[in-house]
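Values quoted throughout were computed directly from the atomic coordinates according to the rules given, and no laboratory measurement underlies them. Note that this is a predicted model, so its numbers are computed, not measured. Every residue, glycine as well, gets a Cβ built from its backbone with ideal geometry; the counts of neighbours run over all protein chains shown.
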Amino acid sequence: MSGSAAAGRSGRFYTAARRHPWVLGRVADWKIPLGPYTPAQIAVAVGGGFVLFKTIAVWSWMGPVPVVAWVLAIWAVRRPKVRGRAPLQAALGWVLLAWQPSGGRLGGRAARDRAARPFLGGFTIEDAPAPPPPARSPSRTPERSAGPRRHAATAPPPQAARPVSGVQQLLALAEQAGGAR
């Protein structure tokens, strides 16, 4: 046999779960009459039978109509789909969705916003420059006297700012002690 013929072969294996849907009442090739039944059909049959039995005094005057409706309900739920899903799984999905926290989950726990805290802070202005003298317009300048001119006292020259933090103090000591490296 040539290599190209062997390369063209493929095989597929399906489990019994993929070939047959989940049903109750099937054993090998034998199945119960009118079956097999899905879990939804069994739930409707048991629940509806219980309700019919408990309310027989109410519906007995209608004859077989409620029993026929019950049998039709069992037949109707044999393969129902809610957006492609079985009704029990769809209902479970809605219940789980309603049970989830509104903010979602992080690491398996409900995600919550942190509580609001006031943001406290402050600032310090160091060695602020002196405000500039107000500018005078030439029209409002008083007439100058003929006497000698006096100069206003000037501010002493600014000194170096004193270090505030520990790091600034260490840097200032290093500059005083050794200067440059």
Using r as the Cβ-Cβ distance of Leu72 and Ser10, and R0 as 41 Å, what FRET efficiency do you calculate, to the nearest 0.05? 0.35
Scalar couplings 3J(HN,Hα) for the stretch 71-85 by Karplus 6.51 cos²θ - 1.76 cosθ + 1.60 (θ = phi - 60°), nearest whole Hz, x for Gly and Pro, are 5, 5, 5, 5, 5, 5, 8, 5, 9, x, 10, 10, 6, x, 10
